[in-house]
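What follows is one structure encoded as structure tokens, with my remarks underneath.
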Amino acid sequence: MSKKKFYAVKVGKTPGIYFTWVDCSAQVTGYKGAKYKSFPTIEEAMAFIGDDNIKSMEKEATVKENVLHTEKAPTNTKPLKEGYDVKPIRSTAKVKTCKSYINPEEIIDDYEFIAFVDGSYDRGNQVFGSGVIVLDPNNNSHETYHNAGYDKWDQWNIVGELESVKVAINKAKELGMQNIAIYHDLKNIALWASGEWQAKNEYTQEYVKYIENMSKELNICFVKVKAHSNESVYNDLADEAAKGAIIKYLNENK
């Protein structure tokens, strides 16, 4: 029996992860300068595509939709996966978004709580990890917070990303902070929160409702930062915290 392959299209008609050569070929055939490659694991395929493609794509519209459409025949009337049989919604939360990086020093007077968030995922164990780095400008230091758990929603890295936002906001509320800046590398975080993107399943809708409720009492601003870039070391620290959270969770649940 042949091993399953993951086809990564970095440059093509529709960049993304594909599960059959037929679907991959459709995206690169006749496309000038197409870049694609097959991998034995989805993690390697995602790394090949890069953050500008895979982390910026809405999970429901790329990887998950490809799973639904490539692993069944067009005439299959099999019902939607659990959690997807809901009507899409848009957030009505009053939040601010900055689609380009802003140095935290430039907004420190407006936001007393500044956090960098990131998520990670262990596909083999279906465990997510969330990492949060909260800056302390008064002492030129930072605090690290993390969370991990079983991905019961089957949302892969999306869970760690969104849960990291919750960890940050809950900590800010716990400390009595009202003005919060969330630095994130996955743009879905802000797009779902602001209502620019629809939330199409129960889990992302849960996130939308959480942000809506929190925005009623807190002033929240989302700031985009490039993943694994030189823009901020704190984003890398948040990523390390997320990965460490998974390791700790697995060790505690052996």
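Residues whose amide H comes within less than 5 Å of that of Gly149, counting only those at least five positions distant or on another chain, are Phe128 (H built at 1.01 Å from N in the peptide plane). 3J(HN,Hα) along region 238-254, derived from phi through the Karplus expression 6.51 cos²θ - 1.76 cosθ + 1.60 where θ = phi - 60°, amounts to 5, 5, 5, 5, 5, 5, x, 5, 5, 4, 4, 4, 5, 5, 7, 10, 6 Hz, with x in place of Gly and Pro.
Rg ratio for the chain: its Cα radius of gyration over 2.2 N^0.38 Å, N being its residue count, equals 1.05.
Taking every protein chain into account, the accessible area of region 119-215 amounts to 38 square angstrom per residue (probe 1.4 Å). Converting phi to 3J(HN,Hα) with the Karplus coefficients 6.51, -1.76 and 1.60 and the offset θ = phi - 60°, region 119-125 yields x, 9, 8, 9, 5, x, 9 Hz in sequence order, with x at every glycine or proline. May I ask which of Lys35/Lys224; Lys13/Lys37; Lys173/Lys226; Lys96/Lys209 have a Cα-Cα span longer than 24 Å here? Correct reply: Lys35/Lys224; Lys173/Lys226.
Once the Cβ-Cβ distance of Asp110 and Thr29 is raised to the sixth power relative to R0 = 45 Å, the FRET efficiency obtained is 0.35. Helices in the chain, meaning DSSP H runs of at least 4 residues, each add -39500 (n - 2.57). Divided by all residues, the mean residue ellipticity at 222 nm is -10500 deg cm²/dmol. An oblate overall shape is assigned to region 87-195, the ratio a/c of its alpha-carbon gyration tensor axes (a ≥ b ≥ c) being 1.5 or greater and a/b not exceeding b/c. 3J(HN,Hα) along region 178-185: 10, 10, 10, 10, 10, 8, 9, 9 Hz, from the Karplus curve 6.51 cos²θ - 1.76 cosθ + 1.60 with θ = phi - 60°, whole Hz, x for Gly and Pro. Between the amide H of Phe222 and those of Lys96, Thr97, Cys98, Ile182, distances stay under 5 Å, these residues lying 5 or more places away or on another chain, with hydrogens modeled in the peptide plane. Placing a label point 7 Å from the Cα of Thr92 along the Cα-to-Cβ direction, the residues of region 205-243 whose backbone N falls under 17 Å from that point are 205-218.
The values are calculated or read from the model by the stated rules, or taken from the named source; none is laboratory data. Keep in mind that what you see is a predicted model, and the values were worked out from it rather than measured. For neighbour counting, all protein chains shown are included, and Cβ atoms are generated from backbone atoms with ideal geometry for every residue, glycine included. Calculation scope for accessible area: heavy atoms of the full protein, side chains included, ligands and nucleic acids excluded. Shrake-Rupley method; radii C 1.70, N 1.55, O 1.52, S 1.80 Å.
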